[in-house]
Amino acid sequence: MRTFFSMGRHRDDDCFYLCQTYARIPKHLVRDNANLLVLFKQDEMNLKHVYDDHVNTDMTYVQFRDVCSACWNERKCGFLVIDKDSELNEGRYRKGFDCFVSIKE
């Protein structure tokens, strides 16, 4: 799996890595190179890992937790999308795939 994930980008392949526990994903290969994260409801430990790895320069942990809660409580299977290729208030954080979340700086 590691070889496929690391070499796929050189062949312009898209790779999806599906897991139930964020903390168990290999950090240096997979977590650090992810462009798009789709987060369903997480426990505090996994949420803190996501925050530390991808969000900490955009907002406080409390703001992030509130954004996540709003996304998760929107509907039965609500989710937050983090698009690391987008600018902060231009789609980086989304409720589902199509509703942009505005972050106060």
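Results for (1) among the aromatic types (F, W, Y); (2) surrounded by 14 or more Cβ atoms within 10 Å (Cβ to Cβ), shown as yes or no for each residue.
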residue: D53; (1), (2): no, yes
residue: M59; (1), (2): no, yes
residue: D66; (1), (2): no, no
residue: C71; (1), (2): no, yes
residue: F79; (1), (2): yes, yes
residue: I82; (1), (2): no, yes
residue: D85; (1), (2): no, no
residue: K95; (1), (2): no, yes
residue: S102; (1), (2): no, no
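If you scan the stretch 26-51, which residues turn out to be buried (at least 16 other Cβ atoms within 10 Å of the Cβ) and either more than 17 Å from L80 (Cβ to Cβ) or among the aromatic types (F, W, Y) (or both)?
If the condition is that a residue be buried (at least 16 other Cβ atoms within 10 Å of the Cβ) and either more than 17 Å from L80 (Cβ to Cβ) or among the aromatic types (F, W, Y) (or both), then V30, Y51 are the ones that fit.
Where in the stretch 1-83 are there helices (runs of 4 or more DSSP H), lying fully within it, with 3 or more residues that are in contact with a Phe, Trp or Tyr (Cβ under 9 Å, 6 or more places away or on another chain)?
Answer list for the stretch 1-83: 44-50, 61-74.
Only one of these conditions is not met by E74: (1) on the phi < 0 side of the Ramachandran plot; (2) modelled with pLDDT of 95 or more. Which number is it?
The one condition E74 does not meet is (2).
The values are calculated or read from the model by the stated rules, or taken from the named source; none is laboratory data. Keep in mind that what you see is a predicted model, and the values were worked out from it rather than measured. Cβ sites come from the backbone with ideal geometry, for glycine too, and all protein chains shown count toward neighbours.
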